[in-house]
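S.K.: Before I ask anything, let me first share the structure, which is written out below as structure tokens.
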Amino acid sequence: MVFNTGAALLDAIVLAVVSREPEGAYGYKITQDVRQVMELSESTLYPVLRRLQKDECLEVYDVECAGRNRRYYKVTEKGRLQLNLYECEWSRYSAKINSIFEGGNLSV
């Protein structure tokens with residue numbers, strides 16, 4: 001992708017990906033799902049996950065898997081509210097950008 005991705009957009013994408021899994025998702029799966037829409041390294045993802053956890057948008061728990069612990073991330077109620085805000089903002093923002101690309105009215 002040629003466009004830079006800001007922290008808010010990355011937070012929104014990660015929250016959206018994690019919210020699709022009712023029991024939560026682990027880091028590698030989150031990385032793979034996000035990579036379907038944008039380039040992302042694990043070294044970029046984990047600071048985002050920690051920031052969302054610190055902001056109480058994600059909760060974390062560990063599950064043993066094949067003799068090792070796998071860390072899962074689950075969206076909290078605060079995280080769902082934040083995701084709803086991101087979705088509303090994205091809808092408005094993308095409508096304005098699409099309007100410019102399509103040569104329409106800028107007051108969308």
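The values are calculated or read from the model by the stated rules, or taken from the named source; none is laboratory data. Small disclaimer: the values here were computed from a predicted structure and weren't measured. Here the Cβ positions follow ideal geometry from the backbone for every residue, glycine too, while neighbour counts run over all protein chains shown. Surface accessibility is based on the protein's heavy atoms, side chains included, excluding ligands, DNA and RNA. Shrake-Rupley method; radii C 1.70, N 1.55, O 1.52, S 1.80 Å.
S.K.: Quick one: how many residues across the range 4-24 are over 12 Å from the mean Cα position of the chain (by Cα) and buried (at least 16 other Cβ atoms within 10 Å of the Cβ)?
M.R.: Residues meeting the conditions: 2.
S.K.: Determine if the range 80-98 includes at least one residue that is in contact (Cβ under 8 Å) with a residue 12 or more places away in the chain, surrounded by 12 or more Cβ atoms within 10 Å (Cβ to Cβ) and farther than 19 Å from THR5 by Cα.
M.R.: There is at least one residue in the range 80-98 that is in contact (Cβ under 8 Å) with a residue 12 or more places away in the chain, surrounded by 12 or more Cβ atoms within 10 Å (Cβ to Cβ) and farther than 19 Å from THR5 by Cα.
S.K.: Can you name every residue in the range 65-91 that is of a type outside the set (Lys, Arg), modelled with pLDDT under 95 and part of a strand (DSSP E or B)?
M.R.: CYS65, ASN69
S.K.: With respect to the numbered conditions (1) under 20 Å from GLU87 (Cα atoms); (2) in contact with a helix residue (DSSP H, G or I) (Cβ under 8 Å, 6 or more places away or on another chain), which one is the sole condition not fulfilled by ARG35?
M.R.: If we test ARG35 against (1) under 20 Å from GLU87 (Cα atoms); (2) in contact with a helix residue (DSSP H, G or I) (Cβ under 8 Å, 6 or more places away or on another chain), just (2) comes out false.
S.K.: Next question, about the same structure. Scan the range 14-30 for residues that are of a type outside the set (Ser, Thr, Tyr) and outside any helix (DSSP H, G or I) and jot them down.
M.R.: ARG20, GLU21, PRO22, GLU23, GLY24, ALA25
S.K.: Looking only at the range 71-83, decide whether some residue is in contact with a helix residue (DSSP H, G or I) (Cβ under 8 Å, 6 or more places away or on another chain), of a type in the set (Asp, Glu) and at negative phi.
M.R.: For the range 71-83, residues in contact with a helix residue (DSSP H, G or I) (Cβ under 8 Å, 6 or more places away or on another chain), of a type in the set (Asp, Glu) and at negative phi: absent.
S.K.: Would you check which residues across the range 36-62 are touching a strand residue (DSSP E or B) at 6+ places or on another chain (Cβ under 8 Å), free of Cβ contacts under 8 Å to residues at least 24 places away in the same chain and not charged (D, E, K, R) and list them?
M.R.: GLN53, VAL60
S.K.: Related question: Please go through the range 25-62 and pick out each residue that is exposed (fewer than 11 other Cβ atoms within 10 Å of the Cβ) and basic (Lys, Arg).
M.R.: LYS54 - this is the single residue of the range 25-62 that is exposed (fewer than 11 other Cβ atoms within 10 Å of the Cβ) and basic (Lys, Arg).
S.K.: Given the residues ASP11, ASP33, which is the only one that is assigned to a helix (DSSP H, G or I) and in contact (Cβ under 8 Å) with a residue 60 or more places away in the chain?
M.R.: The match here is ASP11.
S.K.: Related question: Quick test of your reading of the structure: CYS65 fulfils all but one of (1) open to solvent by less than 90 Å² (accessible area, probe 1.4 Å); (2) under 15 Å from ILE13 (Cβ atoms). Name the failing condition by number.
M.R.: (2)
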